[in-house]
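Undergrad: Below is the structure I would like to discuss, written out as structure tokens.
The values are calculated or read from the model by the stated rules, or taken from the named source; none is laboratory data. Just so it is clear, the model here is predicted, and its values are computed rather than measured. Neighbour counts run over all protein chains shown; Cβ positions are idealised from the backbone, glycine included. The accessibility values were calculated without ligands, DNA or RNA, using every heavy atom of the protein model including side chains. Shrake-Rupley method; radii C 1.70, N 1.55, O 1.52, S 1.80 Å.
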Amino acid sequence: GIKDQDWFVVMVEVMIVVVGVYMGIFIGEAATQRNLEKDAHASLELLIKDLKSDQEYLGMVIDMHRSAVAKYKHAINSLKTDPLDLEQATAAIMKLETSEGQTFYPNGSTYQVMLSKGQLDALGDTNLRQKITKLYEMSYIRSQENGLFIGRNTDAINFNIIAYYFDSTTNSLIATSPADLARFRAGLYNQHDYIEWYLGEMIADVKVPMDASNSGRV
């Protein structure tokens, strides 16, 4: 058309080229989007498995801390008897050493893959995306911070309270005066209350939203 200076033909040819380019781009983007959605739903299935595994792990951690609360309560009560029952108190305090201090650390590997590859946006369901994001970016992160806090407090109680008033090498109370027993009980109360607090946080901030997320396939 240019050679013949037929500008109408030139315009038609240009339009054909432009339309062809845009169609190629559109088809390519549509195929990319379809592949992204396919990958997103495949990752979603893996995320569901992660959540189920995390639910089992969280349940185990909750049971451990419920058991620890009971052990601390028993130890505190054993130090209240008048006269003090040394055998009962010693047995109760020894059980504190078997209290598991494990905290909940979820598996976020699949979520990080979905986040880095833009698969969350490809899910299409806004409510679903919000559930997933809130669980991983808020509930899980807060739980990890709480876990670090309860871990530090547990170490402080073990090193500064229990080790100060109880000799684990001979399994005996180091001091048995009323004042010492009162301070010992106060320290154990501190840990008892912190474990109860951590339990409440795990249930309200992690277990409830996790159960809600998993009830709707995520």
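Undergrad: One residue is enough: does region 88-105 have a residue meeting the conditions within 27 Å of Met202 (Cβ to Cβ), open to solvent by 20 Å² or more (accessible area, probe 1.4 Å) and over 29 Å from the mean Cα position of the chain (by Cα)?
TA: Scanning region 88-105, I find at least one residue that is within 27 Å of Met202 (Cβ to Cβ), open to solvent by 20 Å² or more (accessible area, probe 1.4 Å) and over 29 Å from the mean Cα position of the chain (by Cα), so the answer is yes.
Undergrad: So Asp167 clears everything in (1) more than 22 Å from the chain's Cα centre (by Cα); (2) under 27 Å from Tyr57 (Cα atoms) except one condition, right? Which one?
TA: In the conditions (1) more than 22 Å from the chain's Cα centre (by Cα); (2) under 27 Å from Tyr57 (Cα atoms), Asp167 misses (2) alone.
Undergrad: Answer yes or no as to whether Ile132 is without any contact (Cβ under 8 Å) to a residue 40 or more places away in the chain and farther than 22 Å from Ala186 by Cα. Don't jump to the end; show me each part of the working.
TA: Values: without any contact (Cβ under 8 Å) to a residue 40 or more places away in the chain: no; farther than 22 Å from Ala186 by Cα: yes.
Against the criterion (without any contact (Cβ under 8 Å) to a residue 40 or more places away in the chain and farther than 22 Å from Ala186 by Cα), Ile132 does not qualify.
Conditions tested, residue by residue: (1) assigned to a loop (DSSP other than H, G, I, E, B); (2) crowded, with 18+ Cβ neighbours inside 10 Å; (3) of a type in the set (A, V, I, L, M).
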{"site": "Gln112", "(1), (2), (3)": "no, no, no"}
{"site": "Asn146", "(1), (2), (3)": "no, yes, no"}
{"site": "Asp180", "(1), (2), (3)": "no, no, no"}
{"site": "Arg185", "(1), (2), (3)": "no, yes, no"}
{"site": "Ile203", "(1), (2), (3)": "no, no, yes"}
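Undergrad: Can you pull out every residue in region 43-101 that is among the hydroxyl-bearing types (Ser, Thr, Tyr), closer than 24 Å to Asp211 by Cα and out of contact with any helix residue (DSSP H, G or I) (no Cβ under 8 Å at 6 or more places or on another chain)?
TA: Ser53, Tyr57, Ser67
Undergrad: Let me ask another. Which one is nearest to Asn153 (Cα to Cα), of the residues in region 114-135 that are basic (Lys, Arg) and part of a helix (DSSP H, G or I)?
TA: Let us first name the residues in region 114-135 that are basic (Lys, Arg), namely 117, 129, 131, 134.
If we keep only those that are part of a helix (DSSP H, G or I) too, we end up with 129, 131, 134.
Values: Arg129: 35, Lys131: 31, Lys134: 27 Å.
The extreme case among them is Lys134.
Undergrad: Restricting attention to region 53-67, does a residue exist that is at pLDDT below 90, within 31 Å of the chain's Cα centre (by Cα), open to solvent by less than 60 Å² (accessible area, probe 1.4 Å) and closer than 27 Å to Leu123 by Cα?
TA: Among the residues of region 53-67, not one is at pLDDT below 90, within 31 Å of the chain's Cα centre (by Cα), open to solvent by less than 60 Å² (accessible area, probe 1.4 Å) and closer than 27 Å to Leu123 by Cα, which makes the answer no.
Undergrad: Residue under question is Asp193, and the condition is that it be open to solvent by 20 Å² or more (accessible area, probe 1.4 Å), out of contact with any helix residue (DSSP H, G or I) (no Cβ under 7 Å at 6 or more places or on another chain) and part of a helix (DSSP H, G or I); does it hold?
TA: When the stated conditions are applied, Asp193 passes them.
Undergrad: Further, regarding this structure: Residue check, Thr176 against (1) among the β-branched types (Val, Ile, Thr); (2) open to solvent by less than 20 Å² (accessible area, probe 1.4 Å); (3) touching a residue at least 40 places away in the same chain (Cβ under 8 Å), all met but one. Which one?
TA: Result: Thr176 fails condition (2) only.
Undergrad: Consider only pairs whose beta carbons are under 9 Å apart and that are at least six residues apart or on different chains; among these, list those whose first residue lies in region 150-171 and is under 13 Å from Thr90 (Cβ atoms) and whose second residue is open to solvent by less than 80 Å² (accessible area, probe 1.4 Å) and in a loop (DSSP other than H, G, I, E, B).
TA: Pairs that qualify, where the first residue is under 13 Å from Thr90 (Cβ atoms) and the partner is open to solvent by less than 80 Å² (accessible area, probe 1.4 Å) and in a loop (DSSP other than H, G, I, E, B), are Ile162/Ser168; Tyr165/Ala175.
Undergrad: Please list, ordered by first then second residue, the pairs with beta carbon atoms under 8 Å, 6 or more apart or interchain, first in region 68-94 and free of Cβ contacts under 8 Å to residues at least 12 places away in the same chain, second not in a helix (DSSP H, G or I).
TA: What qualifies is Gln88/Thr81.
Undergrad: Out of Asp211, Asp205, Asp193, I need the residue that is over 18 Å from Ala91 (Cβ atoms) and touching a Lys or Arg at 6+ places or on another chain (Cβ under 7 Å). Which one?
TA: Asp205
Undergrad: Residues of region 117-127 being in contact (Cβ under 8 Å) with a residue 60 or more places away in the chain and either within 14 Å of Leu51 (Cα to Cα) or open to solvent by 60 Å² or more (accessible area, probe 1.4 Å) (or both), which ones?
TA: Lys117
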